[in-house]
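To start, the structure itself, in structure tokens.
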Amino acid sequence: MIAKPLLIQGGRIIDPSQGIDRIGNLIISGDKILGLGTAQSSLPDSDYDIINAEGLIVCPGFIDLHCHLRQPGFEEKETISSGSRAAARGGFTTICCMPNTNPPLDDQATIDFVKSTAASEGVVRVLPVGCISKGRKGKELAEMGELAQAGAIAFSDDGQPLRSSRLMRQAMEYSLAFSLPLIDHCEDTALSEGGQMNEGIIATKLGLCGIPAAAEESIVARDLALAHLIGARLHIAHTTTQGSVELIRRAKEKGIKVTAEVTPHHLTLTEERVIGYDTNAKVNPPLRTKRDIKALIVGLKEGVIDIIATDHAPHTGNDKLSEFALAPFGISGLETALGSLMSLVHDEELTLAILIAKLTCGPAKLIGTGYGKLGTLEVGASAEVTIFDPDLEWMVDASDFTSKGKNTPLNGKKLKGKIIATIYQGKLVYKDDRLTIQSGKLWLKRQH
């Protein structure tokens with residue numbers, strides 16, 4: 001814990017959960033938010049540690065609903081320790097890890113392992129997502145009740161779709177009983193098999209097999225129909241196409257209990273990034289078109305898409321140092337998320353309030369209140385705060401990543417917007433070198 005109360009002074013406080021966007025002060029005492037006021041508000045006389053946040057954004061800690069920590073089984077790619085530290089550096093105070101590990105997170109023992117390892121080695125909150133099917137093989141359901149009782153916050157076979165409509169229906173029936181969402185990897189593998197990038201003229205020119213938009217949209221449509229039938233909570237992972245956005249929009253209009261996410265790379269990069277056969281731009285679902293990006297941004301603005309999630313998928317350098325067709329899918333995204341997304345704010349495609357909402361109270365709503373009030377700066381809530389400079393330019397250097405995964409198509413690219421500090425449960429878990437904390441008695445003129 002921070003020994004003295006911490007005063008974060010003079011920053012632009014943006015908390016969409018409370019409709020707050022103003023210059024003000026935030027006080028943290030122990031592991032809780034003690035006070036939130038305007039710049040003119042009087043403060044208790046006290047010994048503070050002080051962060052001068054003038055010119056900075058102060059907001060709730062980011063929440064990543066979708067990342068891959070690789071442990072157990074693939075520790076050469078990432079560990080819970082390294083992944084949680086990369087998350088802190090990216091401004092995230094809660095991350096939800098997918099179950100495509102070895103062994104998969106399909107029983108209580110594996111869920112317990114993730115939770116205990118996170119408690120002993122992690123620096124942010126790590127919440128496990130349990131498998132839908134045993135071994136993620138899509139043949140029979142995992143013991144979903146056991147997983148829910150062990151602490152899984154959702155169910156997913158992410159990385160693999162659930163091909164069987166009958167099994168998906170059964171999974172929805174069980175998930176409804178446990179009041180937990182299904183996180184849906186929407187991919188018709190009969191259409192995507194052998195695909196390396198988005199299907200289109202660029203794939204043809206490069207001589208690469210394409211993955212059509214219909215591979216995603218057909219499963220989105222199927223599972224929305226099943227969710228309508230069962231009344232289950234369905235969350236569409238990594239939405240990428242204009243057609244998927246329209247399907248989700250119509251489903252919400254019908255009252256279907258669906259939420260959706262989009263990744264920073266699908267919002268900011270197109271299929272053109274694959275030109276040159278850069279394996280670091282190989283991701284599933286693939287980078288799409290400018291038209292798709294436009295639809296995704298509109299979806300965020302209109303509330304069709306509820307959440308931005310990184311789908312952080314770290315790989316070793318050797319994994320990606322192969323011919324394009326043999327390289328694994330995935331982008332290491334925790335540490336570049338904010339800088340990438342801020343390009344949309346600087347280009348006036350999104351407001352800061354919308355962006356922050358999709359990273360904080362949006363995912364918090366899906367997780368629920370089992371871990372206290374997340375995604376908010378409400379007084380009494382856990383002190384989980386992200387501070388960033390919206391205008392600071394920096395060069396991406398993958399070799400400097402905290403994550404073991406250096407696989408980013410942004411290496412050498414200049415981004416504008418950088419995390420300055422991340423506070424988790426009152427503890428400073430990341431600090432940029434530019435940040436200094438002053439100590440001493442603070443006296444402010446009282447307002448009468």
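Observations, loosely collected:
- Rough spin-label spacing in nm, given labels placed 7 Å along Cα→Cβ, for ARG166 and GLU272: 4.8
- One quarter of the surface of the convex hull around the alpha-carbon atoms of region 62-418 equals 16.1 nm², the direction-averaged projected area.
- Pairs spanning more than 18 Å between alpha-carbon atoms, out of LYS205/LYS414; LYS115/LYS257; LYS294/LYS406; LYS4/LYS32; LYS32/LYS373: LYS205/LYS414; LYS115/LYS257; LYS294/LYS406.
- Comparing ASN102, ASN318, ASN284 in a Gaussian network model of the chain, where Cα atoms under 10 Å apart are tied by springs, the biggest mean-square fluctuation is seen for ASN318.
- For region 137-237, applying the loop criterion from DSSP together with a ceiling of 13 other beta carbons within 10 Å to the trypsin sites (Lys or Arg not before Pro) yields LYS137, LYS139.
- Summed residue charge, Cβ within 15 Å of CYS361's Cβ, Lys/Arg positive, Asp/Glu negative: -4
- For a label point 7 Å along the Cα-to-beta-carbon line of SER179, residues of region 222-242 with backbone N under 20 Å: 230-235
- Distance-filtered residues of region 75-107 - backbone nitrogen under 16 Å, label point 7 angstrom along ASP31 Cα→Cβ: 93-95
- Other residues within the sphere of radius under 9 Å centred on the Cβ of ALA237, judged by their own Cβ, net out at -4 (K and R +1, D and E -1).
- Within region 182-197: backbone nitrogen closer than 20 Å to the ALA214 label point (7 Å, Cα to C-beta): 186-197
- A Förster radius of 51 Å combined with the Cβ-Cβ distance from LEU326 to GLN18 puts the calculated FRET efficiency at roughly 0.55.
- Over all other residues within a Cβ to Cβ distance under 14 Å of ALA171, the charged ones net out to +1, with Lys and Arg as +1 and Asp and Glu as -1.
- Note on region 206-340: percent of Cα-Cα distances in each 10 Å bin, starting at 0 and stopping at the bin with the largest distance, equals 12, 40, 32, 13, 2.
- Length gained when the stretch LEU229-LYS365 is fully extended (0.36 nm per residue, less Cα-Cα span): 46.6 nm
- Ellipticity estimate at 222 nm from DSSP helix runs (n ≥ 4, -39,500 (n - 2.57)) divided over the chain, nearest 500: -8500 deg cm²/dmol
- Förster radius 60 Å - calculated FRET efficiency between LYS254 and GLU76, Cβ distance, rounded to 0.05: 0.85
- Bridge orientation summary for region 62-418: considering DSSP beta bridges with both residues in this region, about 20 percent are antiparallel.
- Under the convention that each Lys and Arg Cβ holds +1 and each Asp and Glu Cβ holds -1, the size of the dipole of the chain around its Cα centre is about 600 debye.
- Extension gain (nm, one decimal) between TRP394 and SER120, 0.36 nm per residue minus Cα-Cα: 95.4 nm
- Geometric extent, Cα atoms of region 35-129 - Rg, Dmax (angstrom): 17.8, 55
- Multiplying the residue separation of LYS290 and THR402 by 0.36 nm and subtracting their alpha-carbon distance yields 37.2 nm.
FYI, it's all coordinate maths here, none of it is from the lab. Bear in mind that the values here come from a model prediction, so they are computed numbers and not experimental data. Neighbour counts are summed over all protein chains in view; Cβ atoms, including those assigned to glycine, are modelled from backbone coordinates with ideal geometry.
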